[in-house]
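My questions will all concern the structure given below.
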């Protein structure tokens, strides 16, 4: 039985009687490890020099005695007399008694290695022996946890550290051979899966070793798994590029090509092999080098200084994966192109105790390329370098022995390397690059310090480039000290790399998708001028690539390694589609599944997860608890909240917080809460939070969420946050309550999509867990949820909710809920003209329920619904009656919300009945009440009604102001109905004041919104407005298309008032095209359908109808129509301008040209007074033509000259060159006449 177990292959572990031991100081553990690894007895004097080199002999021996005492006490030497002592102690020497029941992993590995070596030397190993050897080697391999004394160092003990480095190299060679023999024997036994597992574990210790990856590929292919073999190649290729910025060897590339093209051997069917997989495209993905231009330019300028004899040292710093090696590789390529000599080395964590490791390989490679080294250095100095490269003595057997004077050993060796560098720098400027400075051994740093001093003294053209991985907030003290000393001798620059910007990520998205050469938005033709552009489609708000770039930045926060890993994960999951496009090569198109994701936090590539997990494993237990608490709290959490959720004392919490901040896992949040005085904290990256949250485990997460709920409720957190924690903690009742509250909070600020999510969550909880929910809560839930779906323009979902509400009300015998449900259903049905009869039936039912239960509030609600549905049915008198009844009842009951809705529908009805002043009064009152109540939907709706009234009354500036406010609200609350309503009103006002291009943009957007609604009347008025805008821009074909679409819908509804308006506007377009036959037909159609008492848009021109009727010989009809128009609307400013233009046409037809001129002058005066540049130039142009017909050329020129400024003003408001040129071309005659 082993009493003492010592494990040195990895971080040192010691156990005594199966109990882990903790040593009081590191040197006590180091002393025991030294005894175990070296064996035998060791002189006290030598041990004191090894472990306490800075002390004199007496103090060294004293320190040794104290440390030995700590070892004995830890091992409980003497406490158990029956057991033999583990330590051998004499007067002059110390050692370890290996016969005292000691189990040492080094001995097990050595024994397994020796046995395998002896058997491997034989030509053939019998099967039974081989199987026995496999078991022995598996045991030996399992003992290897990592390098010898991994992550274990002592301060100020260079000789001990060097000894550790030598031991590490020795034992790694042993385990390499063990892995090699083991996988060979497993393959020979046909155990391919076990062999693959062995090589995968081997690779985890040496991922840059090409031979290992090559062997793994061969085994995977041999097992029939081609996909895994190619995946291994791609992984190795990525690691090589990330770590060394180089590509695999030709042999590796050829092997991958063979595997890709050859037929894989047959193997047993596995689940993986049965799933069809597309060929890998990772190797085709090239992420462009972006976002580092400033740093690259800085490096170039520093190199220029170095190349003229001003040596430079540059340290590139940043976290893992931030792009240090990528920047260095780009710079090295540039330097090589300048003809410089480059020495490129790298430090490795596993070899950081091996002296001069970073310069050993590049120096060896460089010297092997020299035909005669004696042309560079004398044999004396070559002899010194042979200390590092013993093979030089094989090449030059006559080299003298190196200096044996210990006092000058290192200085002569350093000087030899300095002279070698000087010889190379004499040929061309020299760049020395060492990657991963943080793992560089102290001997190499001492060398660089010596070289830096020599470079400066000799003005050598040398630049030393170093990269340092930043894993903690503060730098190791020894490195700080080294940089400070180095800076005294040679100029030192530190370049810190941060994440890429959102623009950089967009550039990457554009590059990989092949969209980086697209024309700029300003260079594209305006949608209004494209013949293929549908009349109602809005201009694109952004490309898919821009959305993908935004998504990618949100997902990665600009961390380059995360960016690449995410792109590769998308490739594997089908989120990017590879396409081979002629002229561009391979491009990768983002799929809509990415762009339509509800949240960017949906991806966590395995490479990213593993990187973060590695960082988290280094934390102490309290720090991990604190991090888990932070992950549960999500963001902007206080220290006090962290401690309460993690159940840490203040002292433990402070230590844990310091540790997580030092390791760059947490940081202070830039967002300061007004409620919280303490500084909040957040995760350094969202991915860290995701990994910490997942790693916390289900039980811990539930407990922590429950604690978080209590803490945050006391802090007054939002209902949405409390609902999240209640649900995650498993508290169903609390989750329901807070979900309802969260929905109400969201509706208050019109975050409708969020509200739907909260209400649906509450509904699901109530249904799945059969909660005992009061009827009032259910009433509120269904009413609010249905309303939210209405706002989102999802009528189907709203109807389903109201149907459930109705069924629940009847099941629970709640009349109030039943009445409201019937009303909500009826109003929704009424928006569809084909469902008006059903809507009326539902409202009759609601009326009966309200009257039967004496529900005055329900009665008022039903009256309002009846007013609205009758308005939809164009039964305006009935709508007005019900509206007035609802208004009186709601005033009496003191229901401000219903009063607003009633005033709103009264405004619509009275406007349609031609009662403009009363309509405006209703709209103004409703708007003010809605603003007071914070009802944003009704505020936008009523503002649009106010704007409509202002425009009709001839106050377009005020109308545009009100319409802009309404439109802004509609966009803010994302309400399609409000957008369609306020949008067409705004577009009308913009046409009136002469902002045609903006009017077109708004009209296209609002018409697009109207197309998503079921209320066809709103679509009709939007299409008519769009046609008016097109006509103002002198685009008659497009105007005709919009008006025809409106007429078609109006005819399907038998809506005479909109048939009349559509026909009237079509008549105007036909007159513009001088198609008098069609114009006359539309004029007659408009006249037949029109109610003379109503005008929808006051600005709708009447003169084209008059002209068309006169052209058809219907002068009496034309005269009568104008008489009725004058009788009903002639006193209104805006309508008088319309009337005057039409009267001028009628007068001219009668030969009364003087009277016609007077009418036109009156129209021009009215247009100028109101501020209508479009009406001004058209009336002036008509006046000019009339004067030309009378051969009054001077007066005609004056009229055309007066029209020109208005035309130029209108053209100046059009920023699109093509659209502006088209507009001016259509009326070039007028401008030409004005110049005469």
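Do we have any residue at all in the range 295-304 that's modelled with pLDDT under 90, within 27 Å of residue 665 (Cα to Cα) and not in a loop (DSSP other than H, G, I, E, B)?
Looking for residues that are modelled with pLDDT under 90, within 27 Å of residue 665 (Cα to Cα) and not in a loop (DSSP other than H, G, I, E, B), one finds at least one in the range 295-304, hence yes.
Would you tally the residues in the range 750-771 being surrounded by fewer than 15 Cβ atoms within 10 Å (Cβ to Cβ), in contact with a helix residue (DSSP H, G or I) (Cβ under 9 Å, 6 or more places away or on another chain) and outside any helix (DSSP H, G or I)?
1
So, one more: With the condition kept exactly as written, say whether any residue in the range 1196-1216 is on the phi > 0 side of the Ramachandran plot and either in the same structural domain as residue 1113 (by TED's automatic domain parsing) or at pLDDT below 95 (or both).
No, the range 1196-1216 has no match at all.
Matching residues to (1) part of a loop (DSSP other than H, G, I, E, B); (2) at pLDDT 85 or above:
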{"site": "552", "(1), (2)": "no, yes"}
{"site": "558", "(1), (2)": "yes, yes"}
{"site": "562", "(1), (2)": "no, yes"}
{"site": "567", "(1), (2)": "no, yes"}
{"site": "600", "(1), (2)": "yes, no"}
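Anything in the range 1185-1204 that is surrounded by fewer than 16 Cβ atoms within 10 Å (Cβ to Cβ) and outside any helix (DSSP H, G or I)? List them, or say none.
1190, 1191
Condition first: exposed (fewer than 15 other Cβ atoms within 10 Å of the Cβ) and within 25 Å of the chain's Cα centre (by Cα). Now tell me which residues in the range 288-319 satisfy that.
Residues satisfying the conditions are 288, 293, 294.
If you scan the range 1217-1226, which residues turn out to be at pLDDT 90 or above and within 18 Å of residue 1184 (Cβ to Cβ)?
1224
Of (1) in a helix (DSSP H, G or I); (2) closer than 24 Å to residue 1084 by Cα, residue 1151 satisfies all except one. Which?
All conditions pass for residue 1151, except number (1).
Of the numbered conditions (1) outside the structural domain of residue 450 (by TED's automatic domain parsing); (2) part of a loop (DSSP other than H, G, I, E, B), residue 384 satisfies every one except a single condition; which is it?
Only one criterion in (1) outside the structural domain of residue 450 (by TED's automatic domain parsing); (2) part of a loop (DSSP other than H, G, I, E, B) is unmet by residue 384, namely (2).
Without any contact (Cβ under 8 Å) to a residue 24 or more places away in the chain and either in the same structural domain as residue 853 (by TED's automatic domain parsing) or on the phi < 0 side of the Ramachandran plot (or both): does that describe residue 808?
no
Against the condition in contact with a helix residue (DSSP H, G or I) (Cβ under 7 Å, 6 or more places away or on another chain) and over 25 Å from residue 874 (Cβ atoms), how does residue 903 come out, does it pass? Step through it out loud before you land on a result.
Values: in contact with a helix residue (DSSP H, G or I) (Cβ under 7 Å, 6 or more places away or on another chain): yes; over 25 Å from residue 874 (Cβ atoms): no.
For residue 903, the condition - in contact with a helix residue (DSSP H, G or I) (Cβ under 7 Å, 6 or more places away or on another chain) and over 25 Å from residue 874 (Cβ atoms) - is not met.
Now, a different point. Restricting attention to the range 1154-1184, which residues are surrounded by fewer than 22 Cβ atoms within 10 Å (Cβ to Cβ) and not in a helix (DSSP H, G or I)?
Answer for the range 1154-1184, where residues must be surrounded by fewer than 22 Cβ atoms within 10 Å (Cβ to Cβ) and not in a helix (DSSP H, G or I): just 1171.
For the range 1120-1137, enumerate the residues that are surrounded by fewer than 17 Cβ atoms within 10 Å (Cβ to Cβ), in contact with a helix residue (DSSP H, G or I) (Cβ under 8 Å, 6 or more places away or on another chain) and in a helix (DSSP H, G or I).
1126, 1133
What number goes with the only condition from (1) in contact with a strand residue (DSSP E or B) (Cβ under 6 Å, 6 or more places away or on another chain); (2) at pLDDT 85 or above that residue 44 does not pass?
(1)
Of all residues in the range 434-465, which are modelled with pLDDT of 95 or more and under 36 Å from the mean Cα position of the chain (by Cα)?
Across the range 434-465, the qualifying residue is only 465.
Considering only residues that are under 49 Å from the mean Cα position of the chain (by Cα) and in a loop (DSSP other than H, G, I, E, B), look in the range 7-23 and name the one that is surrounded by the most Cβ atoms within 10 Å (Cβ to Cβ).
8
To continue, here is another question. Assess whether residue 1057 counts as being surrounded by fewer than 21 Cβ atoms within 10 Å (Cβ to Cβ), touching a residue at least 40 places away in the same chain (Cβ under 8 Å), more than 41 Å from the chain's Cα centre (by Cα) and part of a helix (DSSP H, G or I).
Answer is yes for this residue.
Give the range 448-466 a look and list any residue that's outside any helix (DSSP H, G or I) and more than 14 Å from residue 415 (Cβ to Cβ), or say none.
Within the range 448-466, 459, 461, 462, 463, 464, 465, 466 qualify.
Which numbered condition trips up residue 688, out of (1) more than 15 Å from residue 637 (Cβ to Cβ); (2) surrounded by 14 or more Cβ atoms within 10 Å (Cβ to Cβ)?
Of (1) more than 15 Å from residue 637 (Cβ to Cβ); (2) surrounded by 14 or more Cβ atoms within 10 Å (Cβ to Cβ), only one is false for residue 688: (1).
Take the range 779-798 and flag every residue that is over 23 Å from residue 934 (Cβ atoms) and either touching a residue at least 40 places away in the same chain (Cβ under 8 Å) or out of contact with any helix residue (DSSP H, G or I) (no Cβ under 6 Å at 6 or more places or on another chain) (or both). So that I can check it myself, show each step before the final result.
From the range 779-798, those over 23 Å from residue 934 (Cβ atoms) are 794-797; that's our starting set.
Matches in the range 779-798: 794, 795, 796.
Specify the residue that is nearest to the chain's Cα centre (by Cα); the eligible residues are those in the range 859-873 that are closer than 17 Å to residue 901 by Cβ and surrounded by fewer than 24 Cβ atoms within 10 Å (Cβ to Cβ).
Checking each candidate, the answer is 872.
Please note which helices (runs of 4 or more DSSP H) are completely contained in the range 623-706 and include at least 2 residues that are farther than 23 Å from residue 605 by Cβ and either out of contact with any strand residue (DSSP E or B) (no Cβ under 7 Å at 6 or more places or on another chain) or not assigned by TED's automatic domain parsing to the domain that holds residue 472 (or both).
639-646, 650-662
So, one more: Has the range 1096-1114 got at least one residue that is in a helix (DSSP H, G or I), surrounded by 21 or more Cβ atoms within 10 Å (Cβ to Cβ) and under 55 Å from the mean Cα position of the chain (by Cα)?
Scanning the range 1096-1114, I find at least one residue that is in a helix (DSSP H, G or I), surrounded by 21 or more Cβ atoms within 10 Å (Cβ to Cβ) and under 55 Å from the mean Cα position of the chain (by Cα), so the answer is yes.
The values are calculated or read from the model by the stated rules, or taken from the named source; none is laboratory data. What you see is a predicted model, and the numbers here were worked out from it, not measured in a lab. Ideal geometry is used to build each Cβ from the backbone, glycine not excepted, and the neighbour counts take in all protein chains shown.
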